[in-house]
1. If I ask for residues that are surrounded by fewer than 19 Cβ atoms within 10 Å (Cβ to Cβ), closer than 17 Å to residue 98 by Cα and of a type in the set (Ser, Thr, Tyr), which ones from segment 1-40 would you list?
2. Identify all residues within segment 363-382 that are among the aromatic types (Phe, Trp, Tyr) and either loosely packed, with under 13 Cβ neighbours inside 10 Å or touching a Phe, Trp or Tyr at 6+ places or on another chain (Cβ under 6 Å) (or both); write none if there are none.
3. If we keep just the residues of segment 349-372 that are over 22 Å from the mean Cα position of the chain (by Cα) and touching a residue at least 12 places away in the same chain (Cβ under 8 Å), which is nearest to residue 305 (Cα to Cα)?
4. Can you confirm whether segment 125-139 contains a residue that is crowded, with 22+ Cβ neighbours inside 10 Å and of a type in the set (Lys, Arg)?
5. Please indicate, with yes or no, whether at least one residue in segment 67-84 is buried (at least 18 other Cβ atoms within 10 Å of the Cβ), of a type in the set (Phe, Trp, Tyr), more than 21 Å from residue 136 (Cα to Cα) and over 20 Å from the mean Cα position of the chain (by Cα).
6. Can you name the residue in segment 169-206 that is among the aromatic types (Phe, Trp, Tyr) and under 30 Å from residue 71 (Cβ atoms) and is also modelled with the highest pLDDT among such residues?
7. Would you confirm whether or not segment 142-161 contains a residue that is crowded, with 21+ Cβ neighbours inside 10 Å, modelled with pLDDT of 90 or more and of a type in the set (Asp, Glu)?
8. Taking segment 75-107 as the search range and keeping residues that are in contact (Cβ under 8 Å) with a residue 24 or more places away in the chain and of a type in the set (Ser, Thr, Tyr), which one is farthest from residue 147 (Cα to Cα)?
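The values are calculated or read from the model by the stated rules, or taken from the named source; none is laboratory data. Just so we're clear, the structure is a prediction, and the values are computed from it rather than from any experiment. Note that each Cβ is placed from the backbone with ideal geometry, even for glycine, and that neighbours are counted across all protein chains shown.
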Amino acid sequence: MKIKRDLFLVILFSLLTTLIVWLPFLCSFKEGIISLFKNYDGPNYLIIAKTWYDKALIGRTFSLPIPLEYYPAHLPGYPLTISLLNTILRGPWAMLTSTLLATIGCSLMFYLFVLKFKLSENPLWLTLVFLILPARWVAVKAVGSPEPLFIFAILASFYFFKSAFDKVENNLLSKKKIVWLDLLLAGIFGALAQITKSPGILLFISYLSYLGYLGYLRKKTIIGSIKLSLPLLLIPLSALAVFIFYQFRTGDFLAYFHSGDNFHLVFPPYLGFFPERSWLGTFWSEDMVWQYLLGALTVVFLIKQKYYDLACFAGVFFLATTLVAHRDLARYSLPIMPFTLIAFDSFIQKKEFRIALLIILPAIYLYAINFIAGNTAPVADWTPYL
């Protein structure tokens, strides 16, 4: 009964945290509900859901000042959910509903993940914190964005991956059918993450790194688990499927890489502190140092707590963020945040943290509203989006 109650509270809190952010806009703040509709990159994904990358149709129907080659930078996973919901809801509302449903699914999966593997003293409290931290997450899950779906898919994939390899760790390879089914589901949800956002491939790399770690520990038994892990190849295969889809829809197999100034991974690390690069444009970037510190601490604390599988993902993703030359590092770092909360669980459970969180709640709320109000696309005519 307690778990059912907790799940109900997670759903309720997921709805409330979104509705509270929507409230000022529903009451005609700025452009009203239109501000939610036109928040980047929502309109881009709506256009894809309506046209499926058909350049001629986009150019003929929509008027956003964006090069037609830019749209393949937005992968098809999230637009697919919008398109499915569009059968019962109009475009912008289908978009917001998709984000809301993904947020609910994401919060439920986080709770179940933490609960099943005993990663928190209080899974419900940690999940409630997950819905309001970081502030960028609060803003993202209130508008049209793929992040809730992406993080849901990552958590679901990791849930089944960890379930499988916990059995491997406990020498339960005799239950090969159950392990294989877990890994198949890990591969399916990993593929969903991959077709939603390109960093999904980092999930596959983190799985490989953990397999490498297991192989280093026990060179004989790992061979059997590698064979069982073949369903994880669904992740890179789904990336290939996206490229093939682009070939059919745009005539360019590598349309993602030809989408303009979109690929923000550069070498060496930390070039995000050179403001002359595009998508940076400012030297006021000390907050990025704090984000890097938080990411590094996440990896260190996960290793200290012997959560080596979680540390592999957090480590791979953190290293990738050091190569990101983009001012919106907070958004790129969002997939690490569930693992950060797990790493700092013992601190988050303390009374002092609860008091501090209560104090900064107004700041989180004001940040989210201000960000949504300012980060809008120049959409003049909403008719094509409906």
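1. Once the filter is applied, which keeps residues that are surrounded by fewer than 19 Cβ atoms within 10 Å (Cβ to Cβ), closer than 17 Å to residue 98 by Cα and of a type in the set (Ser, Thr, Tyr), segment 1-40 yields only 40.
2. None; the set is empty.
3. Step by step, filter segment 349-372, then rank; the result is 349.
4. yes
5. No.
6. Step by step, filter segment 169-206, then rank; the result is 189.
7. Looking for residues that are crowded, with 21+ Cβ neighbours inside 10 Å, modelled with pLDDT of 90 or more and of a type in the set (Asp, Glu), one finds at least one in segment 142-161, hence yes.
8. 83
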